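Report on one structure; see the data block that follows.
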Amino acid sequence: MKRFELLDFSSVCPDCSRRQTSSEVCSDCLKWRKQSPDYLFRHQAIFAYNAFAKEWMERFKFDGDIRVASMIAPTLKEAVEKITNVETVVPIPIASSSLAKRGFNQMEIMLNYAGVKYSTLLENRSSGENQATKSRLERLAMEQPFKLKDDHAVHSIKGQRLVVVDDVYTTGRTIRYAAECLVDAGAASVQTVSLFR
């Protein structure tokens, strides 16, 4: 646990939790604000995505050692519970091809270990290509991969205050698409949390 780096919120961007020397909005988020002026995006990451975090993710996500999820489950639970007025927690879904290959959705495993109730309201229609292999520009250029899972999801979202959880925030494109999908479906508000930034 000592090898994980908890983010210091006095020196991160208030919109995306990017580490920096101040608490001003970063240049990337200023661009996002211009692109979506009607949507107030607030993202909270828990840990810095340092070398150890990358090793941990490799072991958990790609080697399939889900036991390591128990290490940071209490910290994830605390972060989610600190967000007030949340009615539903929504994990980012993975593509069906990734699920077939890996056998699990890492965020559902994390939330199970953390004892956080969640609803799988979204479906991922993407090809399942590994995001880690894409450049920044390729990630930003990706098309909307998410849609509502079914009619139950449509009715569950309207007027609800939601929090979307993901493993790693890199460019923000994935988590923003998920939030946009839920807002467009009638969610009252959508906040986002990731394990790493």
Residue check, VAL25 surrounded by 15 or more Cβ atoms within 10 Å (Cβ to Cβ), without any contact (Cβ under 8 Å) to a residue 40 or more places away in the chain, farther than 23 Å from SER126 by Cα and out of contact with any His (no Cβ under 8 Å at 6 or more places or on another chain): yes
Complete set of residues in the range 32-48 that are closer than 21 Å to SER11 by Cβ and open to solvent by 80 Å² or more (accessible area, probe 1.4 Å): ARG33, ARG42
Output for the range 49-60, where each listed residue is part of a helix (DSSP H, G or I) and either open to solvent by 50 Å² or more (accessible area, probe 1.4 Å) or at pLDDT below 95 (or both): ALA51, LYS54, GLU55, GLU58, ARG59
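Residue-wise test of (1) surrounded by fewer than 19 Cβ atoms within 10 Å (Cβ to Cβ); (2) at pLDDT below 95.
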site: GLY115; (1), (2): yes, no
site: ARG125; (1), (2): yes, yes
site: GLN144; (1), (2): yes, yes
site: HIS155; (1), (2): yes, yes
site: VAL165; (1), (2): no, no
site: ARG197; (1), (2): no, no
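The values are calculated or read from the model by the stated rules, or taken from the named source; none is laboratory data. In this text, all values refer to a predicted model and were calculated from it rather than measured experimentally. When we count neighbours, we look across all protein chains shown, and the Cβ atoms used for this are built from the backbone with ideal geometry, even at glycine. Please note that ligands, DNA and RNA were not included when accessible areas were found on the heavy atoms of the full protein model with its side chains. Shrake-Rupley method; radii C 1.70, N 1.55, O 1.52, S 1.80 Å.
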